[in-house]
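The structure appears right after this line, and notes come after that.
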Amino acid sequence: QPENLQKNWLREFYQVVHAHKPHFMALHCQEFGGKNYEASMSHVDKFVKELLSSDAMKDYNRARVYLDENYKSQEHFTALGSFYFLHESLKNIYQFDFKAKKYKKVTGKEIYSDTLESTPMLEKEKFPQDYFPECKWSRKGFIRTRWCITDCAFDLVNIHLFHDASNLIAWETSPSVYSGIRHKALGYVLDRIIDQRFEKVSYFVFGDFNFRLDAKAVVETLCAKATMQTIRAADTNEVVKLIFRESDNDRKVMLQLEKKLFDYFNQDVFRDNNGTALLEFDRELSVFKDRLYELDISFPPSYPYSEDSRQGRQYMNTRCPAWCDRILMSHSAKELILKSENDEKIVIYDHIGPNVCMGDHKPVFLSFRIAAGAGKPIANVHKCCVVQ
């Protein structure tokens, strides 16, 4: 229901824009055009036109839009969309040209689509196919842009990491094989953005990391007092279903687990107190603690929400709810945002549309202030904005 969903999605998005009034805004989208992108890509143009011309965005007089719409090029297609909006009050913003290795002043509104490979204002890469051999045509990858505002330079990386293909395989080991694949891909991105080709700057990496809770530990906790029944396929003897029943209470079914089924009897555990009790099982980022920082999460798992437009708070019973959508940053970026203001309330990390259907993912946002000149102590980045 793209027409229906777009209206709700944009309304909730505009409300957040109105509440925080950002001067510089970055919007990172994944799976642009949806899962059936061949049929749905026509809706993308409507979405972009609406965003750029809406009354809610009228004070943003400069914009850059990068859409990877070229789905016929399977070796390059990532289905990523990166939008950047600049408020009219913001003077002298520069974007980095990766080919010329210099900054260029940003003026006007420009949209780039189809072959982003030839755009010098970004770096785009799709992960090698052998990272996730289960998926013949994975669309996972990243897009990187670099900006300079008030002498402060930073990279913004739009990322989409690999999903869990099977709940049963994810449950078998801890950490799961999928967790290992995401670890490898994220490490690859971090190595790329701090390699020797360009000056090092602070960076923010945000998008759909597909981070999942440690399935084995979660199931053992949720079903601590249950007995497990294993159902196998008659022809292959392969495990196709696990059923966890209460030991007493008439052997009530607590959880049913299949490749694409995670049906737990009480969804409230994922919603109450924003699912805080489950955060201890959110472990995938811990491997990167020396390289990446994240503010405390105080919103419920962002995936997988029902795609029924009448059910804004309901999770689908396909996967264990998890905090897939995140905003992570380098430790130098953390210093940038936390030292800019005395009042830390200025920094807000939250989700959008808690009670409205926004699709199967709830968008997540970070709002903060950077004080003028905040980036100057970092690796001489104040030199960056000398336009040649």
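The values are calculated or read from the model by the stated rules, or taken from the named source; none is laboratory data. All values derive from a computational prediction rather than experimental measurement. Using ideal geometry, Cβ is built from the backbone for each residue, glycine included, and neighbour counts are taken over all protein chains shown. Heads up: the accessible areas ignore ligands, DNA and RNA and are worked out on the full protein's heavy atoms, side chains in. Shrake-Rupley method; radii C 1.70, N 1.55, O 1.52, S 1.80 Å.
If I histogram all Cα-Cα distances within the range 169-229 using bins 10 Å wide from 0, what percent of pairs lands in each bin?
18, 35, 24, 15, 6, 2
How would you classify the range 112-218 from its alpha-carbon gyration tensor, with a ≥ b ≥ c the square roots of the eigenvalues: rounded for a/c under 1.5, else prolate if a/b is greater than b/c, otherwise oblate?
prolate
Compute the Cα gyration tensor for the range 1-130, then decide on rounded, prolate or oblate, letting a ≥ b ≥ c be the square roots of its eigenvalues: rounded whenever a/c is under 1.5, prolate when a/b is larger than b/c in the other cases, and oblate in all that remain.
Judged from the Cα gyration tensor, the range 1-130 comes out oblate (a/c at least 1.5, b/c at or above a/b).
In the full protein assembly as shown, how much of TRP9 is accessible to a 1.4 Å probe, in Å² to the nearest 10?
My reading of the accessible area for TRP9 is about 40 Å².
Give me the percent of accessible area attributable to carbon and sulfur for the chain, probe 1.4 angstrom. Before the final figure, lay out each step's value.
Working: 8980 of 18270 Å².
So the carbon and sulfur contribution to the accessible surface is 49 percent.
Where the centre of each part is set by its Cα atoms, how far does the range 133-152 sit from the range 276-290, in angstrom?
22 Å
Beta carbons within 10 angstrom, averaged per residue: use that to sort the peptides 261-268, 141-148, highest first.
On the way: 261-268: 15.4, 141-148: 23.4.
Averaged packing, sorted descending, gives the order 141-148, 261-268.
When the Kirkwood hydrodynamic radius is evaluated over all pairs of different C-alpha atoms of the range 195-264, what value in angstrom, to one decimal, is obtained?
15.4 Å
List the pairs from LYS7/LYS35; LYS7/LYS109; LYS102/LYS334; LYS126/LYS200; LYS46/LYS334 whose alpha-carbon separation is above 27 Å, in the order I gave them.
Long pairs (Cα-Cα over 27 Å): LYS46/LYS334.
Inverting the mean 1/r over all pairs of different Cα atoms, compute the Kirkwood radius of the chain and quote it in Å.
22.2 Å
Where does each of ARG182, ARG369 land when they are ordered by accessible area, with a 1.4 Å probe and the largest first? Kindly include the intermediate steps, with their values, before the conclusion.
Numbers: ARG182 0, ARG369 140 Å².
Result, largest first: ARG369, ARG182.
For LEU10, what is the net charge nearby, where nearby means another residue's Cβ is under 12 Å from its Cβ and Lys, Arg count +1, Asp, Glu -1?
Cβ neighbours under 12 Å give a net charge of 0.
How far, in nm, would the chain grow between HIS20 and SER286 when pulled straight, counting 0.36 nm per residue and subtracting the alpha carbon separation?
92.7 nm
What is the local net charge at GLU258, summed over the other residues whose Cβ is closer than 15 Å to its Cβ (Lys, Arg +1; Asp, Glu -1)?
+1
First select every other residue whose beta carbon is under 11 angstrom from the beta carbon of THR318; then total the charges, Lys and Arg +1, Asp and Glu -1.
Details: positive: LYS259, LYS260, ARG319; negative: ASP164, GLU258, ASP263, GLU307, ASP360.
Cβ neighbours under 11 Å give a net charge of -2.
Given a 1.4 angstrom probe, what's the average accessible area per residue across the chain, in square angstrom?
I get 47 Å² per residue for the chain.
Rounded to the nearest Å, what's the spacing between the alpha carbon centres of the range 193-222 and the range 72-124? Just the number, please.
Computed from Cα coordinates, the inter-centre distance equals 23 Å.
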